[in-house]
Amino acid sequence: PLIAGLGAALQESQAQGESLLQEAQGALRADSRVASLLGGDVVVGATFSQSSSNVNGAVSLALQCQLSGKKGEGVVSIRGQGGNGEVYVTSLVVQANGQQFEVPTLRGGGAVGRGGCGCGGALRVAAE
């Protein structure tokens, strides 16, 4: 039972991470500053660091991923939170070409998952 519960928790965390990646990529592609720095075809690539916590149903996730476009490459740090099977991006930091700036989410930080909560948030982009 303990191992089955751990496996289910890991699967849920992975699914929530994928939702964050999709939301982050959409917001990055929609931002003109990111497009001018890395190109409009920005792709969030491989995750090389991930942490998550679930305290009484309140989920927090942090991902670090490669980020690339036709004009350059960088690193993106994505933070998300939520509960009840829903996770939304709260911040996004891109490091590329020594620059740093914030990017609003496409949905104002709206939830990813069932129903959506309309929660607010901002994507933070820092370019190296």
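The values are calculated or read from the model by the stated rules, or taken from the named source; none is laboratory data. Owing to the predicted nature of the structure, the values given are computational and were not obtained by experimental measurement. Areas reflect the complete protein model, heavy atoms only, side chains present, ligands, DNA and RNA absent. Shrake-Rupley method; radii C 1.70, N 1.55, O 1.52, S 1.80 Å.
Taking only the alpha carbons of region 18-111, what extent do you get along each of the three principal axes, in Å, biggest first?
Reported extents, whole Å, longest axis first: 43, 26, 19.
Leaving ligands, DNA and RNA out of it, rank Phe101, Phe48 by accessible area with a 1.4 Å probe, largest first.
On the way: Phe101 35, Phe48 115 Å².
Accessible-area ranking of Phe101, Phe48, largest first: Phe48, Phe101.
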